[in-house]
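In what follows, a single structure is set out as structure tokens and then discussed.
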Amino acid sequence: MTALIGGTIAHCAHRVKRERQRRQAPDGVLSVRSNPPGARVVVDGREAPGLTPLFARNLRRGVPLSVQVKLDGHREWSGTASVHADYGDGVLLVKLEPAGPPATQIRGASGLPPPGPPGPATAPAGSPAR
């Protein structure tokens, strides 16, 4: 009886270990789509080959992945995504916002000095002076 229980426990432990290894295996796929398309994608510091829409492959399952989506003329999107631990796939849809206009300096760009403190108030012509 002891051998049967020991064998069953060893078999269960082996199945748990095998399942854990399967989930940690870098075989997950993340589908990334952006609007507008044509963006570069970086997952956990590695640039995925191609431009969106694309499939980033060989990713760890069931753990948060750091993702950046970059397109010239648009604000970069950064966030996290994950590949489903059991199914091995995930989907990320990103809407990229256009970059704002470049910052402009309102005053001083032409070489004029910045405005100084206000001078003494002057009374309009024809009014009594104080």
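Tabulated values for the structure
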item: Yes/no for Arg75 being under 30 Å from Leu30 (Cβ atoms), surrounded by 10 or more Cβ atoms within 10 Å (Cβ to Cβ) and either more than 13 Å from the chain's Cα centre (by Cα) or modelled with pLDDT under 60 (or both); result: no
item: Residue that is surrounded by the fewest Cβ atoms within 10 Å (Cβ to Cβ) [pool: residues in the stretch 87-100 that are assigned to a loop (DSSP other than H, G, I, E, B) and free of Cβ contacts under 8 Å to residues at least 40 places away in the same chain]; result: Gly100
item: Scan of the stretch 53-75 for residues that are of a type in the set (S, T, N, Q) and either under 10 Å from Val43 (Cα atoms) or not in a strand (DSSP E or B) (or both), ordered by number; result: Ser66, Gln68
item: Selected residue (only one of Pro37, Pro117 is in a loop (DSSP other than H, G, I, E, B), at pLDDT 95 or above, loosely packed, with under 13 Cβ neighbours inside 10 Å and of a type outside the set (S, T, N, Q)); result: Pro37
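The values are calculated or read from the model by the stated rules, or taken from the named source; none is laboratory data. Everything quoted here is computed from the prediction, not taken from an experiment. Every residue, glycine among them, receives a Cβ derived from its backbone with ideal geometry; neighbour counts consider all protein chains shown.
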